Structure formats: C-alpha cells, structure tokens
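What follows is calculated from the coordinates using simple rules that are stated; it is not laboratory data. Being a predicted model, the structure only gives us computed values, none of them experimental. Backbone-built Cβ (ideal geometry, glycine too); neighbour counts: all protein chains shown.
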Amino acid sequence: MSKVLPESVDAWRMVQARRSFQGSLPLASMPRLRGSLAAVDGTVDFDLEFGKDELGVAHLRVRADAMLPLTCQRTLEVFRLPVHVDSRLGLIAQEADEAALPGGYEPLLTTDGAVHLADVVEDELILALPVVPVRPGAEHQEPAFAGAVQDGAKGSQNPFTVLRNLKHDKT
C-alpha cells in the first residue's frame, strides 16, 4: 500500500507485485472532470489494487468515493451528489485482447504498459456522472425557468397573427 500516488506506473510490474495505492486527490486536479462540476472544491478518496484473479486475468480494481458539486438541471441549484465507484478494469495490451476478458471487467488499454493512475480515477468519476444531474427531491418541483416562460407567453401575441393580417389586407 502506498500513500503517494505516482504519476505513472508500469501496470504489469504492479500486477506481479500486487501493489495497491490509497489516498485522496483534489477535484481541482482533474481537468476533464472540472467542466462538469459546479465548483472544484472537494476531494476524491481512492483505493487502487493491482492483481490477478483466479483465471489469471491481470486487473486493476478501482474504488473511489466523492461528493461532486453539480448544478441541478431542474432547479438550477448547486447540490452535492455522493458518488461511489467500484469497478474492475482488465489490463490489455492491444484492442484485440478485449474479447478475451471475462464478464464483469471493463478494458483498460495499456499499449506501452504505463498507467496514469490519477487519469484512471478521473475517468471512473466521469463515467459515474449522471447524464442530467437532478437534485434528489427536485423531481416534483417546478423548473426554475417555468414561470418566466409562462409569464412571457401571456403578454405576447401569436407570431402568425401578423401573417394572417397581411393575407387579409391583400384581399
């Protein structure tokens, strides 16, 4: 077990040594994830374990927990979504090896053997994001923009009324 997360490791050597890494990373250090977040404060706690299963499949088990600040798309309020990731990534050297992975494994392509561990954690968090973030309990609330649309519709005329009047003026 290691508290320090190296930037890059040799996946195959880590599997042979059955290495594991635990610690936390700031959300601000994840550039691809930041674009989906409402704020970049907070951290993700992770546990990464290299090993082989009973079939001899080399894998990386990724566990991560974070409270991700997201913007609710119904109320436009910021809320914290608890995210728990627990996945097993089968290590493959070429894309053709993906078909040989047993069920329950997602492929992790390591053409040169190097794995960037922080990127793996970031990838798993991105995959855990909801397509449309909605704060729990907001499903039954009226959307934040609904009042503005309804108020604007009351005072406006039908845009086709002008066309109808032009047609009647010509006859």
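The table for this structure:
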item: ³J(HN,Hα) computed for each position of region 124-137 - Karplus, 6.51 cos²θ - 1.76 cosθ + 1.60, integer Hz, glycine/proline x; result: 5, 5, 4, 5, 7, 5, x, 5, 10, x, 10, 4, x, x
item: Extension gain (nm, one decimal) between Asp10 and Glu98, 0.36 nm per residue minus Cα-Cα; result: 29.7 nm
item: Spread of Cα-to-Cα distances over 5 Å intervals beginning at zero, given as percent, for the chain; result: 1, 7, 14, 14, 13, 10, 8, 6, 5, 4, 4, 4, 3, 3, 2, 1, 0, 0
item: Derived scalar couplings ³J(HN,Hα) [region 69-82; Karplus, 6.51 cos²θ - 1.76 cosθ + 1.60; whole Hz; x for Gly, Pro]; result: x, 10, 9, 5, 7, 9, 10, 6, 9, 7, 9, 9, 9, x
item: Extension reserve of the Leu166-Lys52 stretch, reckoned as 0.36 nm per residue once the Cα distance is removed; result: 33.3 nm
item: Fully extended contour minus Cα-Cα distance, from Asp45 to Thr111, at 0.36 nm per residue; result: 21.0 nm
item: Region 9-138, dipole about Cα centre (Lys/Arg Cβ +1, Asp/Glu Cβ -1), debye to the nearest 20; result: 360
item: HN-Hα J in Hz across region 42-49 - Karplus 6.51, -1.76, 1.60, θ = phi - 60°, x for Gly and Pro; result: x, 9, 10, 8, 10, 9, 10, 10
